[in-house]
Amino acid sequence: MAVESRFRQVHLDFHTSPHIPQVGHDFDAREFASTLHKARVDSITCFARCHHGWMYYNSKQFPDLIHPTLVNKNLLLEQIEACHGYGIRVPIYTTIQWDYHTAMEHPEWRVIGPKGELVGTKPYEAGFYQEICINTPYREFIKAHVKELMALLPVDGFFFDIVRPQDCSCRYCLEGMLEAGLDPTDQKQRLAYNKTVLDSFKLELSAFVRESHPDASIFYNSGHIGPFVRESKDAYSHFELESLPSGGWGYMHFPLTVRYARNLGIDCVSHTGKFHTSWGDFHSFKNKAALEFECFRMLALNCKCEIGDQLHPSGKIDPYVYDLIGSVYHQVEKKEAWCTNARAKAEIGVFTTEEFTGEQVPKAVAGAVQMLQEAAHQFDILDTRSNFQQYKLLVLPDDIQLTEKLGAELDEYVRGGGKLIVTGRSGLNEAGTRFMLGSLGVTLKANPTRALDGLPAGGREAGGRLQYVDYILPGQAIGKGLPPTEHAMYIKAVEVEAKPDGKVLAEVVASYFDRTWQHFCSHRQTPASGRVIQPGIVQRGGVIYFAHPIFTLYNRNAPRWCKQLVLNAIGLLLGEQLLTHNGPTSLLATVNEQPEERRWVVHLLHYIPERRSQEIDIIEDVIPLYDVRVSLKVDTSVKAVTCVPEMRALPFFRENGRLCFVLPKLEGHQMIEIAF
Ligand SMILES: [Zn+2]
């Protein structure tokens, strides 16, 4: 059952060592809740049990598991009751696959890897990352624990942490696989089995919670949301996208993930953190501009905000942290009326390779997200089960395999007027031997160049020192904004031939020779030989094919010519673009619609993450932009254009049938309401 999430959430970690004395000694329920209220927090996830394996409520059934130095056995209960006094929701956190105490007490419940090893933190390393298998009697413990929480505490919802597929060969998994007629020696089958175990665990636990608490919010965290959630989606009331840019996720993970997750039909919340780096970074502070950007970007991309914090073992809430969080959440509170039930107006759908590779930030998709965002395109990320009919243009970046059926559906979409951009190895069957799209203007060449591993060299990263570089020579239409000469493409094109009705928009020029130990030139790739060897970009009706994996190329080192070629192709196919502006490429612009309010909301964000350190990108400053001119494809008549929530009217005018206005100053984030 879907639950509407709140906009200003905190996830309050409390993984607390048993070696710290007097845990919770300085907890003051009134101070706790009033600090949150003052910071405009409206939901806070608090701890029933942590990764160390200790509980923070007065368990009757598991008294031995109450944190050994916990002074106040009713810590969680008092947190909940005090917050409820201010109308603040308190979903309950408990851990699933990481529990240090249980892992030590019950080594027979741990995940066993294919070599017979216990998976996770090793005996002489610090950490509680020993993986526990949910297929063991541990599952019964979890159910008893959740049942007790529902009996002893007021439950708004649950956050079940660390629920991820494992490659497990424990005795329970072995028995289960044999019973299901599977071959446990095959890793593919083990992983598939484990996924069904995990999906059924989630569905079973949610059904159990909903028996007594039908309105509870329920979320299972695996640090990412992707196509793998489809089979167990009903177990979730909403999605939480864990994505701390400084915590290993980077600034690309969130936009890529949310542009997929927001289309799955339930609310999305995203976690960043108040930490300078990642979870557990006590006594550190994220720069305010970074926290603003991360939260406002969530709003711009149809997501609600959640900031991670960790409560000090003393139980005392840190007022300075909540000064920081409050400085952003006061702003979010004013903005949220323009974000409630707002839907993205996406024109373009980009398929992800994640369902084939499991990669969470696939290079090609990240390259596509980067390019399209830099050009202010409005787009979603899709998988092969998404409903793609609603998009004007679909992009298949670099390595989207097609089945016969999906190929036929895409051909049908093109016949109905849909446009396609297909790049690199996309469109091929699983074996990579044939294009499954009749609408494509190319066919595979027979006997392609083979790489050292025996597979065709085209369309793949060869590794080493740029062995298979070739050059693209753009024709007039596709080369707008580029000099009419060769441009380096650091990954070789897939070797194709144009069909007779395929229009070649760019050709590929070979180098004198590939770089090998026998022949090489200078430090890097061999220069162009002038010899045209194949088409590089081919249009056939509403379909444009790029022979190079152009999005992977862009993700690798962002050649502007690669982006320009793609943007020109989009221009050729789409004509007008929903939103354009005269700002820099660092400006993020999104368009949302609130149908009930009869308005659109344009979000403009300008914050620049800079690689200032070995480890992470930093945002410290807000760099204002002046006189940002925005042009929108709006066909209906517009009543007013207003900067919100300030309610400052902006003059607007029509130009070439488009709605135009100028924002005199953009300082960080601005929403502009277009009222119809
Ligand atoms: Zn197992």
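Here are the numbers for the structure shown:
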read-out	value
Per-residue ³J(HN,Hα) for segment 157-170, Karplus 6.51 cos²θ - 1.76 cosθ + 1.60, θ = phi - 60°, Hz, x for Gly and Pro	x, 10, 10, 9, 9, 6, 10, 9, x, 10, 9, 10, 10, 6
Whole-angstrom gap from segment 203-237 to segment 49-69, using each part's C-alpha centre	24 Å
5 angstrom amide H check on residue 270, placed H, neighbours 5+ away	241, 304, 305, 306
Mean-position separation - Cα centroids, segment 440-512 and segment 655-674, in angstrom	40 Å
Total charge dipole magnitude, the chain, about the Cα centre, Cβ charges on Lys, Arg, Asp, Glu only, Debye to nearest 20	1860 debye
Distance-filtered residues of segment 565-599 - backbone nitrogen under 15 Å, label point 7 angstrom along residue 647 Cα→Cβ	none
Farthest toward positive dipole pole in the chain [+1 Lys/Arg, -1 Asp/Glu at C-beta], among 310, 278, 198	278
Shape call, segment 482-641: gyration tensor on alpha carbons, a/c limit 1.5	oblate
Taking the chain and dividing mean pair separation by its residue count, relative contact order in percent (alpha carbons under 8 Å, at least six apart)	11 percent
Packing-based ranking, highest mean first, of 661-670, 364-373, 377-386, 251-260 given that Cβ atoms within 10 Å are counted	364-373, 251-260, 377-386, 661-670
Rounded Å value of the spacing that divides the Cα centres of segment 537-566 and segment 248-291	29 Å
Average silhouette area of segment 346-574, convex hull of alpha-carbon atoms, in square nanometres	11.9 nm²
Segment 346-574, relative contact order [Cα under 8 Å, separation at least 6], %	23 percent
Gain on full stretching of the segment that runs from residue 615 to residue 532 - 0.36 nm per residue minus C-alpha separation	25.6 nm
Residue-span extension gain [residue 443 to residue 20] - 0.36 nm each, minus C-alpha spacing	145.6 nm
Residue 110 long-range amide H proximity, modeled H, under 5 Å	133
Farthest positive-ward along segment 579-675 dipole, Cα basis, beta-carbon charges - from 659, 603, 584	659
Given 143/188; 419/492; 288/633; 38/665, the pairs whose alpha carbons are separated by over 32 Å	288/633
Counting DSSP beta bridges with both ends in the chain, the antiparallel % (nearest 5)	60 percent
Qualifying aspartates and glutamates (Cα of each under 20 Å from Cα of residue 405; at least 8 residues distant if same chain)	354, 355, 383, 430
In Å, descending, principal axis extents of the Cα set of the chain	78, 67, 47
Dipole magnitude (debye, nearest 20) for segment 12-80, charges at Cβ of Lys, Arg, Asp, Glu	120 debye
Under 16 Å from the Cα of residue 563 - aspartates and glutamates, other chains or at least 8 residues apart	374, 398, 486
Kyte-Doolittle mean at least 0.5 and Cα axial length at least 20 Å: DSSP H helices in the chain	560-574
Partner lysines for residue 195 [C-alpha distance under 17 Å; skip if fewer than 8 residues away on the same chain]	233
Base-10 log of normalised Debye intensity for segment 246-292 (one unit scatterer per alpha-carbon) at q = 0.13, 0.15, 0.29 Å⁻¹	-0.37, -0.47, -1.09
Per-pair calculated FRET efficiency, R0 = 45 Å: residue 665 and residue 450 via Cβ, rounded to 0.05	0.20
Label point 7 Å beyond Cα of residue 586 along Cβ direction - residues of segment 599-631 with amide nitrogen under 11 Å	606-611, 619-625
Protection proxy ranking of 207-219, 533-545, 317-329, 446-458 - average other beta-carbon atoms within 10 Å, highest first	533-545, 317-329, 207-219, 446-458
Global form of segment 579-675, assessed from the alpha-carbon gyration tensor, a/c cut-off 1.5	prolate
For residue 120, residues with placed amide H under 5 Å, excluding near neighbours	131
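Here, each number is a calculation from the coordinates, and none is a lab measurement. As the structure is a prediction and not an experimental result, all values here were calculated from the model. Glycine gets a Cβ as well: all are built from the backbone with ideal geometry, and neighbour counts include every protein chain shown.
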